[in-house]
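One structure is given here, and the rest of the page talks about it.
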């Protein structure tokens, strides 16, 4: 068979480009940043052999922001609009099928000024958490929804004319419901951003029951075993 020749400009002819050369020519036309973005997106959406399945046992450290969803109510001197502050947590996660069981510890910090609450107070909430997540996929980027209960203690640090006075609550109870994504990033590591809505009620002996409603937006760093 006689090879087909391509007629070029000026009436001349040239041989067609090999397939490999044509591919390299097309690839060179893609801007470098666009190529990097395509590679990164593909690495997230297409599960690797090592990270394709959700590991049964994971350790997770979370950090983010505690954001008030409503005014503090129920405890005179502590009632008013709280300020947003930091949120931390560490949890162990055990998967069984599409469900993961979560147990761990969390700490939230927030406050209220004298103008807003009648007294200037900073709160530190420490809680033990127990809950579950339902995974909507089993590989790649995995969306999840969650529900958990918590047993919390509040430490209130009140500014007075004589300095800082501390008041501790009795153990109270709360819940959180949320959603997020588990994103494998290579090897045993993953990122786990999420948003949760929650409520806690704790009793201060001299003031009554303080009710807090909040939103937590945070990022988890995950190590799979």
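The values are calculated or read from the model by the stated rules, or taken from the named source; none is laboratory data. Please read all numbers here as calculations on a predicted model, not as lab measurements. Every residue, glycine among them, receives a Cβ derived from its backbone with ideal geometry; neighbour counts consider all protein chains shown.
For residue 176, are the conditions met, namely being surrounded by 16 or more Cβ atoms within 10 Å (Cβ to Cβ) and in a loop (DSSP other than H, G, I, E, B)? So residue 176 does not fit the description; no.
Which is touching a strand residue (DSSP E or B) at 6+ places or on another chain (Cβ under 8 Å), surrounded by fewer than 18 Cβ atoms within 10 Å (Cβ to Cβ) and at pLDDT 95 or above, of 182, 221?
Answer to the selection: 221.
Just give me the residues in the range 82-117 being touching a strand residue (DSSP E or B) at 6+ places or on another chain (Cβ under 7 Å), within 21 Å of residue 210 (Cα to Cα) and assigned to a loop (DSSP other than H, G, I, E, B), in sequence order. Those that are touching a strand residue (DSSP E or B) at 6+ places or on another chain (Cβ under 7 Å), within 21 Å of residue 210 (Cα to Cα) and assigned to a loop (DSSP other than H, G, I, E, B): 82, 84.
Residue selection: residue 145 fails the criterion of being closer than 18 Å to residue 105 by Cα, modelled with pLDDT of 95 or more, within 13 Å of the chain's Cα centre (by Cα) and surrounded by fewer than 16 Cβ atoms within 10 Å (Cβ to Cβ). Show the residue pairs that are 6+ apart or on different chains and have beta-carbon atoms under 9 Å apart, the first residue being within the range 102-119 and free of Cβ contacts under 8 Å to residues at least 12 places away in the same chain, the second being in a strand (DSSP E or B) and buried (at least 17 other Cβ atoms within 10 Å of the Cβ). Cβ pairs passing all conditions: 115/80. Scanning the range 72-81 for residues that are part of a strand (DSSP E or B) and surrounded by fewer than 20 Cβ atoms within 10 Å (Cβ to Cβ) yields 73, 80.
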